[in-house]
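**Q** Before we start, here is the structure in question, set down as structure tokens.
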Amino acid sequence: MDNFRSPKLSLKKYLIVASLLFGLFFGAGNLIFPLHLGQLAGKNWLPAAVGFLITGVLLPLLSVLAVAITRANGVFDIGKPLGTGFALVFMVLIHATIGPLFGTPRTATVSFTVGVEPFISKNNQAIALFIFSALFFAAAFYFSYQESNILTNIGKILNPVFLALLFLVFVVAFAKPLGNPATAPVTKAYLSGALTNGFLEGYNTMDALAGLAFGVTVVTGVKMMGQKSEKAISAVVAKSGIIAMGAVAFIYLLLILLGAMSLGKFSVSRDGGVAFNQLVNAYAGAFGQIILAFLLTITCLTTAVGLVAAFAQDFHKHFPKVSYHTWLALSCLASFLAANFGLDTIISWSTPMLMFLYPLSMVLILLSVASPLFKRDGVVYFFVVLFTVVPALLDMVVAFPPVVSKSQFGLAVANIRNTLPLASMSLSWLIPALVGLVIGLVFHAFRRKKLSSLEFD
């Protein structure tokens, strides 16, 4: 009956939802990781790309579907089958990671590294980053405080211009390639583990985590189009998501290829920001770099506004004694402080947190998508998460920078973690999670059978 009342959407409306999804998931930061992956993988770019697309494209799409299927109102509801305490901790960790600790500071450091740093001498880069990030987050605070549509409207104009410029770079780069990707050198880690390393590199996009946080925005938009039933909403999200994430996947593939081709002229860069800067200079020179710096800063700023606003809104909802504006100020201040550690430091310290949060997010996303099959029974969630969280914690410790991972504590943890299957691939959580799933489903079936027998009696 609900499906009958849900009007059939036109292609234009599907494209509107797809555009919203694309805008949420694709920011300037998404440029640097696939590009760097291409440099690391070299001629093994294809299996690396497959792994990257699983965590960078498929998983974010599933995260939005999880929100639609469970009728969640945000990250908190995704974790609610495990209790309000777990849900609150999970929400805080997700928002802190994609927000003021790593994700939001990265919007400033990416735009600075790619757009501004090339024009600044090494001696002045620290103070330049300080000034740039202060102005950047002051602007983010202003536009979020006023809840203005100005920046959104600018983004609607400049984001397409930025993508057009990126497309132009692709056209020139493939017309005049810097090297042959089929013969590009391969770094040691990607000689035999390209697929797995590409999979893990996809964590850095943080898009699966963002999908849980922003998924409700997409679902709300679909509901406003007249879609009422869970099935109809999920269908619209899925179809629009295929369009949007198909476009993201296509851009990722081109960037990965471009990274592999760049090895014909450049060596492997320290990060994707440096690599992108080198490519733009190689093809467009200083003028192209100036235009890119402006567009990149605006694109990153629109992303930052969305992140700080989402953080403040969600935290005010769950901790209402602190006002939205206070949470907003705290988010911007913390992001500013974190940004001044620099892009390399942010990436190196975000990796351990992602090694912990991504396995938890993956199992919660997949459980949410499949939840109608087991009536969203909390016992299934409990055993899967229980068997996932311990190896994920071990992977997190091993992924820390040497100051932690090479300490006596870190080496002891590594010895324990190395006894688990797939530990060498940094997937030590996978087999335990599957074991937890089997146990959870057995308990679920037993409880249903017992309940049925009691009803029969």
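The values are calculated or read from the model by the stated rules, or taken from the named source; none is laboratory data. Computed from a prediction, not measured in an experiment: that's the story for all the values here. Positions of Cβ are generated from backbone atoms using ideal geometry, with glycine treated the same way; all protein chains shown enter the neighbour counts. The accessibility values were calculated without ligands, DNA or RNA, using every heavy atom of the protein model including side chains. Shrake-Rupley method; radii C 1.70, N 1.55, O 1.52, S 1.80 Å.
**Q** Restricting attention to the range 309-325, report how many residues are in a helix (DSSP H, G or I) and either free of Cβ contacts under 8 Å to residues at least 60 places away in the same chain or surrounded by fewer than 17 Cβ atoms within 10 Å (Cβ to Cβ) (or both).
**A** Of the residues in the range 309-325, 6 are in a helix (DSSP H, G or I) and either free of Cβ contacts under 8 Å to residues at least 60 places away in the same chain or surrounded by fewer than 17 Cβ atoms within 10 Å (Cβ to Cβ) (or both).
**Q** Just one of the numbered conditions (1) modelled with pLDDT under 85; (2) surrounded by 23 or more Cβ atoms within 10 Å (Cβ to Cβ) is not true of Tyr252; which one?
**A** Of everything listed in (1) modelled with pLDDT under 85; (2) surrounded by 23 or more Cβ atoms within 10 Å (Cβ to Cβ), Tyr252 misses just condition (1).
**Q** Still on this model: Which one of Gly285, Gly306, Gly246, Gly241 is at positive phi and assigned to a helix (DSSP H, G or I)?
**A** Gly285 is the lone residue from the list that is at positive phi and assigned to a helix (DSSP H, G or I).
**Q** For the subset of the range 186-196 comprising residues that are crowded, with 16+ Cβ neighbours inside 10 Å and assigned to a loop (DSSP other than H, G, I, E, B), which member is modelled with the lowest pLDDT?
**A** That would be Gly193.
**Q** Just the residues that are free of Cβ contacts under 8 Å to residues at least 24 places away in the same chain and on the phi > 0 side of the Ramachandran plot, please, taken from the range 376-416.
**A** none
**Q** Moving on. Quick check on my filter: what residues within the range 411-430 are of a type in the set (Val, Ile, Thr) and either in a loop (DSSP other than H, G, I, E, B) or open to solvent by 70 Å² or more (accessible area, probe 1.4 Å) (or both)?
**A** Within the range 411-430, Ile416, Thr419 meet the criteria.
**Q** Which numbered condition in (1) open to solvent by less than 50 Å² (accessible area, probe 1.4 Å); (2) at negative phi is the only one that Asn73 fails?
**A** (1)
**Q** Going by what's in this entry, would Pro7 be described as out of contact with any strand residue (DSSP E or B) (no Cβ under 9 Å at 6 or more places or on another chain), at pLDDT below 90 and over 22 Å from Thr302 (Cα atoms)?
**A** Judged against the criteria, Pro7 is a match.
**Q** Six or more apart or on different chains, Cβ atoms under 8 Å: show the pairs whose first residue is in the range 230-250 and in contact (Cβ under 8 Å) with a residue 60 or more places away in the chain and whose second is of a type in the set (S, T, N, Q) and open to solvent by 30 Å² or more (accessible area, probe 1.4 Å).
**A** Partner pairs satisfying both residue conditions: Lys231/Asn3; Ala232/Asn3; Ala244/Ser19.
**Q** Just checking, which of Pro81, Pro7, Pro47 is more than 26 Å from Arg106 (Cβ to Cβ) and surrounded by fewer than 17 Cβ atoms within 10 Å (Cβ to Cβ)?
**A** Just one listed residue meets the conditions, Pro7.
**Q** Identify, from the list Leu394, Leu364, Leu373, the residue that is at pLDDT 90 or above and either within 17 Å of Asp77 (Cα to Cα) or open to solvent by 80 Å² or more (accessible area, probe 1.4 Å) (or both).
**A** Leu364
**Q** Suppose we filter Leu333, Leu296, Leu301, Leu328 for residues that are closer than 16 Å to Phe136 by Cβ and open to solvent by 30 Å² or more (accessible area, probe 1.4 Å); which single one remains?
**A** None of the other options fit; the residue is Leu333.
**Q** Hey, can you tell me all the residues within the range 215-232 that are open to solvent by 30 Å² or more (accessible area, probe 1.4 Å) and either in contact with a strand residue (DSSP E or B) (Cβ under 7 Å, 6 or more places away or on another chain) or assigned to a helix (DSSP H, G or I) (or both)?
**A** Hits for the range 215-232 are Val216, Thr217, Thr220, Lys223, Met224, Glu230, Lys231.
**Q** Assess whether Ile94 counts as being at pLDDT 90 or above and under 20 Å from the mean Cα position of the chain (by Cα).
**A** In short, yes.
**Q** Name the pairs whose Cβ atoms lie under 8 Å apart, with the first residue in the range 10-38 and closer than 17 Å to Cys300 by Cβ, the second open to solvent by 60 Å² or more (accessible area, probe 1.4 Å) and at pLDDT below 85, and 6 or more positions between them or separate chains?
**A** Leu24/Thr217
**Q** Another question about this same structure. Within the range 273-308, track down each residue that is modelled with pLDDT under 85 and among the small types (Gly, Ala, Ser).
**A** Answer for the range 273-308, where residues must be modelled with pLDDT under 85 and among the small types (Gly, Ala, Ser): Gly273, Ala284, Gly285, Ala286, Gly288, Ala293, Gly306.
**Q** Just checking, does the range 368-391 include any residue being assigned to a loop (DSSP other than H, G, I, E, B) and under 19 Å from Phe86 (Cα atoms)?
**A** Within the range 368-391, one or more residues are assigned to a loop (DSSP other than H, G, I, E, B) and under 19 Å from Phe86 (Cα atoms).
**Q** Within the range 99-119, how many residues are over 17 Å from Asp271 (Cβ atoms) and open to solvent by 10 Å² or more (accessible area, probe 1.4 Å)?
**A** Number satisfying all stated conditions: 3.
**Q** Exactly one condition in (1) under 30 Å from Thr196 (Cβ atoms); (2) surrounded by fewer than 21 Cβ atoms within 10 Å (Cβ to Cβ) is false for Met355; which is it?
**A** (2)
**Q** Here is a further query. So for the range 346-368 (the condition being under 30 Å from Val64 (Cβ atoms), of a type in the set (Val, Ile, Thr) and in contact with a Lys or Arg (Cβ under 6 Å, 6 or more places away or on another chain)), does at least one residue qualify?
**A** yes
**Q** Next question, about the same structure. Do any helices (runs of 4 or more DSSP H) entirely within the range 63-132 hold 3 or more residues that are more than 28 Å from Ala238 (Cα to Cα), and if so, which?
**A** Here the list reads 84-96, 103-111.
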